[in-house]
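The values are calculated or read from the model by the stated rules, or taken from the named source; none is laboratory data. Source: prediction; values computed, not measured. Virtual Cβ from ideal backbone geometry, glycine too; neighbours counted across all protein chains shown.
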Amino acid sequence: MSSKKTVPYRINLPEELIPKQWYNIRADMKELPDPMLNPGTMKPITSPDELAPIFCYELAKQELDNETRYIDIPEEILNFYKMCRPSPLIRAYCLEKKLGTPAKIYYKFEGNNTSGSHKLNSAIAQAYYAKAQGITHLTTETGAGQWGTALSMACAYLGIDLTVYMVKGSYMQKPFRKSVINTFGANIIPSPSDTTNAGRAILAEMPDTTGSLGCAISEAVEKAVTSENCRYVLGSVLNQVLLHQSIIGLESKAAMEMYDEYPDIIIGCAGGGSNLGGLIAPFMKDKLDGVKNPYFIAVEPASCPSLTRGKYAYDFCDTGKVTPLAKMYTLGCGFIPAANHAGGLRYHGMSPVISKLYHDGYIDEARSYVQTDVFEAAVEFSRAEGILPAPESSHAIRAAIDEALKCKETGEEKTILFGLTGTGYFDMTAYESFHNKTMIDYVPTDAELEEAFSKLPEIK
Ligand SMILES: *Cc1c(COP(=O)(O)O)cnc(C)c1O
């Protein structure tokens, strides 16, 4: 019916199409994820009051809100978003040509802000609600460093103090992360540290450990609940974070609709599940409503394979077992990924929403790649599209290229959309090890996984 307009390299969303609300996928899920459990009582958490000692109140409400489909984005956050959003939706003409594929490839690029990733979308929201509540100090953990950087930017903007516990391994691999976070005025501590009971306990057991996200979370939570007027914030996994990240999918969908495009395949990398959850949200709504049937692929590293090899079970969100329990795909909260794993995405668990959608078959596929295959895709992509991708994002690139190559074989003109979550400027040590062929692929053995599974909490 419509005469199709030529899709430009970058689609710029006009002002009137910029989303003013976040979309809450839980309102449309056929079955909800199982409720979080209070670690003290092992009973479901039903009131935001139970979360209030750890989280800001409004965020605790969003965490438990399974009904409100659309939530207004406060004006101050909309204004902040204007500094770096809408993020571009790019048609990968150059990559398509290089691959010789009939597939149409689109990617949503979230790396155009100084923090370098999509994390800023939720960082500003969480800092905003903290400030509105009169909180003066926030704590958090960061793995590869993007979340800590994003949150330090948001806290600087709103005038909130911030302490970041950074996984020690990454802290040593990426020294300039510290400088950036310090520039934005936050305090950064390598974890495990001797500043918390949780950190001291882990150090006593494993003095040489390079740390894990789970243990940095324990430290940040402890610091929050033992400090005055302080709360803890988390950059992924939680329902509230997926809610804020829905801006990615809403913008993508609006931009594609301008050109009568709709993706057949949607691909996202999966660490804690927030960018994937945000990217797929409005498209998943179409699937849940029976309107469309896009094929969803979650991509994770073979070294931290929570969806592809984990168990769907209740587990703690942290190593120190102080956080609520969530029903999710998990490798066990004691799982510590290999130190030589460069690509981020190292969390032991997975967002309960993503876990449930995958368990129930709405996310069609999860796949994992070893890191040398991921970096190969990163290099190929960078040479075609002129963007240096983050290793995390490159998991999605790998899958997108593989799907496009399948189309080349079959001649199918599929439309592929993937999330390019960030840039890789702080990952040059990893790129270097890929170039000089010292990068090692590590895949945990079944025995190693069984060991971590054996420590999963028993929940009746
Ligand atoms: C944090 C991060 C991820 C993974 O986190 P999710 O919560 O799974 O989205 C992916 N890419 C980049 C660039 C990141 O910073």
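Quick rundown of the values:
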quantity	calculated
Qualifying position, being in a helix (DSSP H, G or I) and either within 23 Å of the chain's Cα centre (by Cα) or within 14 Å of the ligand (Cβ to nearest atom) (or both), among Asp427, Asp441	Asp427
Residue match in region 59-77 (condition: over 22 Å from Gly273 (Cβ atoms) and either of a type in the set (Ser, Thr, Tyr) or in contact (Cβ under 8 Å) with a residue 60 or more places away in the chain (or both))	no
Scan of region 212-260 for residues that are more than 16 Å from the ligand (Cβ to nearest atom) and not in a helix (DSSP H, G or I), ordered by number	Thr226, Ser227, Glu228, Asn229, Cys230, Arg231, Tyr232, Met258, Tyr259, Asp260
Checklist (1) within 16 Å of the ligand (Cβ to nearest atom); (2) touching a helix residue (DSSP H, G or I) at 6+ places or on another chain (Cβ under 7 Å) applied to Cys155, failing item	(1)
Residue within region 357-376 that is modelled with pLDDT of 95 or more and farther than 23 Å from Gly310 by Cα present	yes
Top-ranked residue in region 376-392 [being within 19 Å of the chain's Cα centre (by Cα) and either in a helix (DSSP H, G or I) or free of Cβ contacts under 8 Å to residues at least 24 places away in the same chain (or both); ranked as nearest to the ligand (Cβ to nearest atom)]	Glu392
Complete set of residues in region 291-318 that are surrounded by 24 or more Cβ atoms within 10 Å (Cβ to Cβ) and among the charged types (D, E, K, R)	Glu300, Asp315, Asp318
Within region 265-301, tally of residues that are within 16 Å of the ligand (Cβ to nearest atom) and of a type in the set (S, T, N, Q)	2
Residue match in region 84-101 (condition: within 16 Å of the ligand (Cβ to nearest atom), part of a helix (DSSP H, G or I) and of a type outside the set (Asp, Glu))	yes
Residue in region 349-368 that is without any contact (Cβ under 8 Å) to a residue 12 or more places away in the chain, part of a loop (DSSP other than H, G, I, E, B) and either more than 16 Å from the ligand (Cβ to nearest atom) or of a type in the set (Ser, Thr, Tyr) (or both) present	yes
Hits in region 200-218 - residues which are touching a strand residue (DSSP E or B) at 6+ places or on another chain (Cβ under 8 Å) and either on the phi > 0 side of the Ramachandran plot or modelled with pLDDT of 95 or more (or both)	Gly211
Qualifying residue in region 308-330 (condition: farther than 27 Å from Asp72 by Cα, in a helix (DSSP H, G or I) and more than 12 Å from the ligand (Cβ to nearest atom))	yes
One residue from Glu110, Glu141 being of a type in the set (Asp, Glu), within 18 Å of Val164 (Cα to Cα) and crowded, with 20+ Cβ neighbours inside 10 Å	Glu141
Some residue of region 411-423 being touching a residue at least 24 places away in the same chain (Cβ under 8 Å) and assigned to a helix (DSSP H, G or I)	no
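Every residue, every condition in (1) hydroxyl-bearing (Ser, Thr, Tyr); (2) outside any strand (DSSP E or B); (3) at positive phi, yes or no:
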position: Val7; (1), (2), (3): no, yes, no
position: Glu16; (1), (2), (3): no, yes, no
position: Trp22; (1), (2), (3): no, no, no
position: Pro33; (1), (2), (3): no, yes, no
position: Met42; (1), (2), (3): no, yes, yes
position: Asp49; (1), (2), (3): no, yes, no
position: Pro53; (1), (2), (3): no, yes, no
position: Ala60; (1), (2), (3): no, yes, no
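Quick grid of which residues meet (1) basic (Lys, Arg); (2) in contact with a helix residue (DSSP H, G or I) (Cβ under 6 Å, 6 or more places away or on another chain); (3) modelled with pLDDT under 95; (4) closer than 21 Å to Lys98 by Cα:
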| position | (1), (2), (3), (4) |
| --- | --- |
| Ile397 | no, yes, no, yes |
| Ile401 | no, yes, no, yes |
| Glu409 | no, no, no, yes |
| Glu412 | no, no, no, yes |
| Leu417 | no, no, no, yes |
| Thr429 | no, yes, yes, no |
| Asp446 | no, no, no, no |
